[in-house]
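Working notes, structure below.
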Amino acid sequence: MRVRLLHTLCVLLVMWTPCAFGALSILATVPEWGALATEIGGDRVSVYVATTAMQDPHHVEARPSLIARARGADLVVATGAELEAGWLPLVTQQAGNVRIQPGKPGYFEAAARVTLVDKPVKLDRAGGDVHAAGDPHIQTDPRNIAPVAAGLAARLAELDPANAAFYQERQRAFDERWRTAMSRWEREAAPLRGVAVVAHHKGFTYLERWLGLEEVATLEPVPGVEPTAAHLSRVLATIERRPVKMVIRATYQSDRASQWIAERTNIRAVALPATVGGTPAAKNLFAFYDDLIERLLAAVQ
Amino acid sequence: MAPAAVRRGITALALSLLPCAASAASDDELAQIRAEIRQLKEAYEARIRALEDRLKEAETRASASPAIATSPMPETAPPAPAATSTASGIAAFNPAISVVLQGRYASLSQDPEQYRIAGFPSGGEIGPGRRGFSLAESELAFSASVDHLFAGNLIIALSPDNEVSVEEAYGVVTAAPFGVVPKFGRFFSGLGYQNEQHQHAWDFIDAPLAYEAFLGGQYANDGLQLKWVAPTEHFVELGAEIGNGDNFPGSRRGRNGVGSFAAYAHTGGDVGASHSWRAGLSYLSTRARDREYFQLDTVGNDALLGFSGDSDTVIADFVWKYAPNGNARGTNFKLQTEYFWRRERGDLTYDRDGALGSTQTDAYRATQRGFYVQGVWQFMPAWRVGARYDRLDPGSIDYGANAAFLHTMSFHPNRYSLMFDWTPSEFSRLRLQLARSKVRPDVTDDQLFLQYILTFGAHGAHKY
């Protein structure tokens, strides 16, 4: 009896030994980095994504399931720039996993690989839930993806030297496909250049800069604060002076405010995927941008 | 037979570890040199690629339409060095600081000075607070990494009566092995669900009656805590604490050694993208010595009682949260309930101060229960309503010879509360709460509270 118990304990111990899994365990905070980790890591990594495209990554709680996943993770891939400030530090601290603490090789921040825009001149919450480091929604510009991919491949190689060549090779292949796709997107999106838009939340700044869209106003009075009736009437007045083509919002955001605007003007309310999985079509990183551009083009025709 | 099975187990263990052991044990130096060469290669490749990128970008910029050229592109070259902190010199090492301001207006039909939960020994900070306008507790929190081993946390509470108290002051070992998170100093115990949350994060202005009756509002301790999350995909957390046990239901004993012991287990997870839950079971054991409280005796005198003995508490907690697609921004619902059970055994002294002229000590035995259940529904962004029901069962109390002066009551203290709050941003909240509280027989307290909570400074954590 006691021997069988010992045997069972040994088997349990074996199951818990990280080496037994083989694959590098990755906890991605948002779907885009989950998708990227899969592109580069292939079958050598197992990826768990903490949020879905239908969730606002600012407003996530340190749920029990996230703490459990952080406990066994070899690598956390986060956006950084305070996007996950409300929950990720709590998750990594409660999980008690030394490998994934900030500063350790097991902690990777995508935002550190790109130049952030809209760094606030004045840090004051009267201006809303501002991000001191700059706008963290970097995934809406494909030019930001390539450097993150390179950084991630190098980090995977560092953590899993046995498969270093594999990661580098897959990153090179990804990079090539990515560049081809980018020139196609830019060609396709040419009619969007100079188009004026209103955004629900300041979450598509990078997309707008990439495609040359012009953001005339936002429906949120300040970032992170729900649209108010008073502010929406001001937005209406702005639109009268400066006609816009569409009101854009992420699919996870409430459509009430953009519908309100759309009903009073003849402009289109467009729901865009904020990341991979934001729409049924946005199945992977490539399809995400395909769908983004398709939806924007449909609105200007 | 037996040794063979053991050997099989050990062999299985050894075999499973083999791949790691082999890679670690094989010629270390060679591996290191290889790694260095690879790193060099990677670094150069990255640099060349970056140069190529810049060249390509320059080309496209030159050939592309002017619209793109006028909107500056985010630079996609390799990252700038991480030193982005603008704070210089000494200030660069300032800890994260956050402040919570609270204030309230209370209208109470009963005098809060007379507040007492009938049939239950009282301790800690309990009651609905004062009438009229008043400042509630202001909180000042500092946190930072201490060094490569420790992180520190200090939370100071400033009471409306201009008293300063150390609410929490603890160190956390950040580099402990095996996933253990040791915490030491003064901290809110990990018992139950709501106990670890600070008062400004609660969904109602006051603590559930069960928390008041069984833990004196909230249980804090000076001592040591160990928490451990199991390395499994399903969340299992175990925790244990030892402390001085000064706080209710214990009391200051003036002895060496451990005055309180707590152990708890939590588990939880997601059900689909929209649902999540957490459940827990906790145990607290403390020892009281001359723990004093007032209680009405059979004649109606206010008698001072003193209890010395063992106090064991068991708490079961359950929380379930729902948000459509896991997006709590629009609408969400939270159900929270906790059940308390306590057994106290020891000696009770009646009329401890001799004010009634009949001081007497005899054996005391009590088993008491209580629970609360509450639901909070966010029906549109920023707006929530909530309801809570509290009920306590004084249970069976064996007063021994003191039964001549004290009697067991059949009265069950209870309370109904309704809450309505508005959260214009993550950093502010305004609340209205109505309650009908019956904590003493034949006395109904109708309560109305207005409350504000403002937080500023470092971004707060979204605790589950």
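The values are calculated or read from the model by the stated rules, or taken from the named source; none is laboratory data. Keep in mind that what you see is a predicted model, and the values were worked out from it rather than measured. Neighbour counts are summed over all protein chains in view; Cβ atoms, including those assigned to glycine, are modelled from backbone coordinates with ideal geometry.
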Residue hits (region A:70-108; closer than 20 Å to B:His148 by Cβ, in contact with an Asp or Glu (Cβ under 7 Å, 6 or more places away or on another chain) and free of Cβ contacts under 8 Å to residues at least 40 places away in the same chain) are A:Arg99
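Restricted to region A:114-171, and to residues that are of a type in the set (Lys, Arg) and over 26 Å from A:Pro221 (Cα atoms), which residue is nearest to the other protein chains (Cβ to nearest Cβ)?
Initially, region A:114-171 is screened for residues of a type in the set (Lys, Arg), giving A:119, A:122, A:125, A:143, A:155, A:170.
Next, only the ones that are over 26 Å from A:Pro221 (Cα atoms) stay: A:143, A:155, A:170.
Numbers: A:Arg143: 5, A:Arg155: 11, A:Arg170: 14 Å.
Within region A:114-171, the match that is nearest to the other protein chains (Cβ to nearest Cβ) is A:Arg143.
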Taking B:Leu305, is it assigned to a strand (DSSP E or B) and within 28 Å of the chain's Cα centre (by Cα)?
-> no
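Do any strands (runs of 3 or more DSSP E) entirely within region B:94-148 hold 3 or more residues that are more than 25 Å from B:Asn221 (Cβ to Cβ), and if so, which? Full working, then the answer.
Values: elements: B:96-108, B:132-135, B:138-145.
So the answer is B:96-108, B:132-135.
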Residue hits (region A:222-235; crowded, with 16+ Cβ neighbours inside 10 Å and either part of a helix (DSSP H, G or I) or touching a Ser or Thr at 6+ places or on another chain (Cβ under 9 Å) (or both)) are A:Gly224, A:Val225, A:Glu226, A:Pro227, A:His231, A:Leu232, A:Val235
Index of the failed condition, B:Thr232 passing every other in (1) free of Cβ contacts under 8 Å to residues at least 24 places away in the same chain; (2) under 20 Å from the mean Cα position of the chain (by Cα); (3) within 14 Å of chain A (Cβ to nearest Cβ) | (2)
In the set A:Val130, A:Val98, A:Val117, which member is under 20 Å from A:Glu32 (Cα atoms) and assigned by TED's automatic domain parsing to the domain that holds A:Ala153?
-> A:Val117
So which residues in region A:27-46 are within 14 Å of another protein chain (Cβ to nearest Cβ) and either touching a Ser or Thr at 6+ places or on another chain (Cβ under 7 Å) or modelled with pLDDT under 95 (or both)?
-> A:Thr29, A:Val30, A:Pro31, A:Ser46
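Restricting the search to region B:397-438, which residues are of a type in the set (Lys, Arg) and over 17 Å from B:Leu209 (Cα atoms)? If you could, list the steps in order and put the result at the bottom.
Initial filter on region B:397-438 (of a type in the set (Lys, Arg)): B:415, B:429, B:431, B:436, B:438.
Correct list: B:Arg429, B:Arg431.
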What number goes with the only condition from (1) modelled with pLDDT of 90 or more; (2) facing chain B (nearest Cβ under 10 Å); (3) in a helix (DSSP H, G or I) that A:Leu13 does not pass?
-> (1)
Matching residues, region A:233-266, being within 27 Å of the chain's Cα centre (by Cα) and more than 24 Å from A:Leu297 (Cβ to Cβ) = A:Ser254, A:Arg256
Tell me, please, whether a residue that is closer than 24 Å to B:Gly119 by Cα, more than 14 Å from every other protein chain (Cβ to nearest Cβ) and buried (at least 23 other Cβ atoms within 10 Å of the Cβ) can be found in region B:269-282.
-> yes
For region B:348-357, indicate whether the set of residues that are surrounded by fewer than 16 Cβ atoms within 10 Å (Cβ to Cβ) and free of Cβ contacts under 8 Å to residues at least 24 places away in the same chain is non-empty.
-> yes
